[in-house]
Each structure stands twice: as structure tokens, then as C-alpha cells.
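Peer 1: The structure follows.
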Amino acid sequence: MKYRRLGNSGLKISEISLGGWLTFGRSVSDQRLARDIIVRAYDSGINFFDIADIYAQGKSEEAMGQVLRLFPRHTLVISSKLFWPMSDDVNDRGLSRKHIMESIDRSLKRIGTDYLDLYFCHRWDEETPLLETIRAMDDLIHQGKILYWGTSEWTGEQIQQAVDLAEKHNLHQPQVEQPHYNLFVRKRFETEIMPTASDNGMGLVTWSPLRSGLLTGKYDNGIPGGSRLEREEWLRDMVTDKNMDKVRQMKTVADDLGVSRAELAIAWILRQDTISSVITGATSVQQLESNLKATEVELTDDVVAALNAIFDPADE
Ligand SMILES: NC(=O)c1ccc[n+]([C@@H]2O[C@H](COP(=O)([O-])OP(=O)(O)OC[C@H]3O[C@@H](n4cnc5c(N)ncnc54)[C@H](OP(=O)(O)O)[C@@H]3O)[C@@H](O)[C@H]2O)c1
């Protein structure tokens with residue numbers, strides 16, 4: 001496993017990481033299986049584990065935390081996030097000072113740790129002044145409850161505003177952005193998010209590298225039983241004739257290289273050194289192991305050009 005710096009910070013995280021969205025506490029409801037996957041990830045050198053309060057309404061933090069407690073805390077980089085409503089309570093949502101101060105304690109308790117390495121604002125909050133959010137994050141850093149704070153799915157302009165405002169008030173700046181990025185979803189990342197993050201010394205940890213599994217080819221002949229798209233009907237919009245045609249064309253490129261499409265899709269993200277880590281998801285040890293092989297795949301310029309021709313960002 002290789003480790004990369006989180007932007008210009010001194011923190012090093014594994015270039016492949018493991019997250020818990022739709023898996024731990026949900027599709028991977030068997031805690032023994034969760035343990036097998038997470039232990040295998042750790043034994044392979046993964047040190048960064050990404051969670052959020054909203055994943056399975058807190059159950060993902062509990063399920064992953066139960067296993068992460070097996071390892072020495074200093075060897076782990078654990079993140080969680082807040083923003084989405086956790087109950088019907090009017091203040092149990094968003095990025096207000098109150099919600100931030102309440103949420104961190106609940107996340108720490110569910111995970112079973114004294115601090116988070118990274119704490120993400122899961123989306124932009126239209127209703128809370130940005131300075132209120134930044135001050136609360138800065139306070140959490142001073143309290144030792146988090147080490148760095150970050151943003152997720154913020155626009156380039158919103159990220160820049162946060163950096164500038166923090167600098168003006170001598171507060172800790174966001175150190176990391178967590179954007180959606182894969183062969184199908186690239187335009188905004190490449191034109192706006194990556195340049196803004198790089199200009200400001202922020203790290204990037206990207207999510208859904210396989211577009212929920214679509215890029216593996218598992219949906220080539222329909223929706224298999226037990227798969228994510230069988231369970232999560234709302235994600236099925238991505239299975240269009242046009243998209244499936246691209247995934248089939250990609251098979252030729254992968255076959256020529258002698259790798260799987262999953263490995264190729266992840267290696268294509270990893271080749272960009274402004275990206276600190278690719279956050280993967282897995283429902284079995286086999287999936288995790290196959291995704292880890294992406295770290296060994298070298299992509300030539302010709303291969304990258306072939307992928308760019310199939311997955312043209314102008315199509316988005
Ligand atoms: N910040 C945000 O807003 C945000 C949003 C989404 C995700 N995330 C983070 O990013 C992480 C990864 O996202 P993701 O789970 O969507 O990643 P993904 O890699 O796009 O999809 C992972 C899913 O694809 C299937 N899969 C994975 N590897 C496979 C393989 N080798 N062969 C066949 N199928 C395979 C599995 O689903 P099945 O086996 O069930 O089909 C797996 O759960 C999340 O856990 C979370 O930490 C963040």
C-alpha cells in the first residue's frame with residue numbers, strides 16, 4: 001500500500017480507503033462479514049476509513065467502530081460527516097454551531113473513539129452563516145475532538161469562500177474536500193474542484209470510484225440478485241443503454257491490459273497525484289481484494305486516451 005499526503009498537511013493516508021455508505025450496518029448486516037472485510041482492509045495497509053452519521057442512520061458508525069476498536073487508534077485515520085437530518089428535530093440537521101457540537105459527541109460515542117481525524121461538512125448549508133460553521137469546526141480542533149475538518153460536494157466557489165474566510169479570521173481552514181469522481185462523473189471535479197483544492201493545499205478523497213458497481217461490468221446483462229442496484233431502486237437511473245455501451249467498450253481496454261474493469265476504473269483515478277485517496281466500498285472480502293489490485297496497475301498515455309475517448313466529460 002502506498003500512502004499520500006492529505007494536501008499540504010503532514011497527514012498520510014492510504015491511497016485506497018474503505019467507506020461504509022450502503023454497506024456496513026445495511027447491506028452488510030452480518031457483523032462477522034463486516035469484521036472480515038475491515039480486518040482484511042487494515043491488514044492490506046488501508047489506514048483511512050470513511051463513515052458518516054447518516055450512513056444507515058448511525059448503524060454504520062457503530063458497525064465500523066466495533067471493528068476499528070480492535071486496532072491501535074494511532075494507526076487509523078477515521079472520518080465522519082454531518083449535515084443530513086438525523087431525526088425530525090428542527091436542529092438535528094445542517095451545519096449550525098448547535099448541530100456540530102451535538103453531532104460530534106454522538107458520532108464519537110457510536111464509533112467508540114475519543115477523536116476523529118477528519119470531520120466533513122457533508123453538504124453546503126444555505127441557512128447557516130459560513131463563519132458560524134468554520135468557528136465551530138475550529139473550536140472542535142482546539143478541543144481535540146477532531147484533527148482536521150473538510151467539505152464534501154461543495155462547489156469550487158464555496159470551498160474558496162471557506163478558505164478565505166478562515167484565513168481572514170485566523171481559523172483552521174478546510175484541509176480536504178470529498179467529491180464524487182469516477183469515469184462517468186468527472187466534469188465538475190476536473191474543471192472546478194481539483195484546481196480549487198490544489199490552489200489551496202487541500203487534499204482530495206474521492207467517492208464512488210465504480211459508480212456503485214456499474215463500472216465493474218456486473219450490470220452488463222441486467223441487474224443481478226443481491227447487488228446494490230437490486231436493493232437500491234433509486235440508483236437504477238444510471239443503467240441506460242448509452243452508459244452500458246460505454247462499460248462494454250471499456251472491457252476491450254481492460255482485456256488488452258489483462259486487468260478487470262474495476263481495477264482499471266480505480267487505477268484511472270489513482271494516476272492523478274492531486275488525489276490523496278480513492279474511497280472504495282465492498283460487500284465481500286473478494287471485492288475488496290480485487291479493488292486493491294488497482295494499486296499495481298500502470299496506465300500508459302494510450303490507455304488513458306482510450307478511456308477519455310469512451311468516457312467523454314462533454315457527454316455529462
Ligand atoms: N461524501 C459523499 O457524499 C459520499 C457519497 C457516497 C459515497 N461516499 C463514500 O465513498 C465510499 C465508496 O462509495 P461507493 O460504495 O459508492 O463506491 P463504489 O466503488 O462506486 O461502489 C461500491 C459497491 O460496488 C460493488 N462492488 C465493489 N467492488 C466490486 C467488485 N470488485 N466487483 C463487483 N462489484 C463490486 C459493491 O456493491 P454490491 O456488491 O452491493 O453490488 C460495493 O458496495 C462510501 O462508502 C462512502 O464512504 C461519500
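Peer 1: Give the calculated FRET efficiency between S87 and Q160 to the nearest 0.05, with a Förster radius of 41 Å applied to their Cβ-Cβ distance.
Peer 2: 0.80
Peer 1: Send over the per residue convex hull volume for segment 63-159, Cα only, as a whole number of Å³.
Peer 2: Considering the Cα atoms of segment 63-159, their hull volume per residue is 99 Å³.
Peer 1: Angle between the Cα long axis of helix 130-143 and the longest principal axis of the chain, 0 to 90 degrees, nearest 10?
Peer 2: 80
Peer 1: May I ask you to evaluate 6.51 cos²θ - 1.76 cosθ + 1.60, the Karplus curve with θ = phi - 60°, for each residue of segment 150-155 and list the ³J(HN,Hα) values in order in whole Hz, giving x for glycine and proline?
Peer 2: For segment 150-155, the Karplus curve yields x, 10, 9, 6, 8, 6 Hz.
Peer 1: OK, next. Give the calculated FRET efficiency between K242 and S284 to the nearest 0.05, with a Förster radius of 35 Å applied to their Cβ-Cβ distance.
Peer 2: My answer for the efficiency is 0.75.
Peer 1: Would you mind checking K242/K293; K81/K168; K109/K145 for any pair whose Cα atoms are more than 23 angstrom apart?
Peer 2: Checking Cα-Cα distances, K242/K293; K81/K168 exceed 23 Å.
Peer 1: Can you tell me which aspartates and glutamates have their Cα less than 17 Å from the Cα of K251? Leave out same-chain residues fewer than eight positions away.
Peer 2: D220, D241, E263, E298, D302, D312
Peer 1: What net charge do the residues around G203 carry, taking every other residue with its C-beta under 14 Å from that of G203, with Lys and Arg at +1 and Asp and Glu at -1?
Peer 2: Result for the local shell: -3.
Peer 1: Still on this structure, I have one more. Compute the angle between helix 261-270 and the longest alpha-carbon principal axis of the chain, please, reported from 0 to 90 degrees and rounded to the nearest 10.
Peer 2: Approximately 50 degrees, to the nearest 10.
Peer 1: Please give the net charge around D89, taking every other residue with its beta carbon less than 11 angstrom from that of D89, where Lys and Arg add +1 and Asp and Glu add -1.
Peer 2: Numbers: positive: R93, K98; negative: D88, D92, E102.
My count for the surroundings of D89 gives -1.
Peer 1: Enumerate the aspartates and glutamates that K98 could reach by cross-link, defined here as Cα to Cα under 17 Å, with residues fewer than 8 away along the same chain left out.
Peer 2: Straight-distance partners of K98: D53, D88, D89, D125, E126, E127, E132, D138, D139.
Peer 1: Which percentage, to the nearest 5, of the DSSP beta bridges contained in the chain is antiparallel?
Peer 2: Taking every DSSP beta bridge within the chain, about 10 percent pair in antiparallel fashion.
Peer 1: Report relative contact order for the chain in percent, whole number only (criteria: Cα-Cα under 8 Å, sequence separation at least 6).
Peer 2: 19
Peer 1: Shifting gears a bit: Quick one: which of 24-36, 297-309 comes out on top by average Cβ neighbours within 10 Å, and what's the full order, highest first?
Peer 2: Per-residue Cβ counts within 10 Å, averaged per peptide and sorted highest first, yield 24-36, 297-309.
Peer 1: Would you kindly calculate the mean projected area, averaged across all directions, of the convex hull enclosing the Cα atoms of the chain, in square nanometres?
Peer 2: 15.5
Where a number appears in this text, it was derived from the coordinates with a stated rule and is not lab data. Please read these numbers as outputs of a predicted model, since none were measured by experiment. Ideal geometry is used to build each Cβ from the backbone, glycine not excepted, and the neighbour counts take in all protein chains shown.
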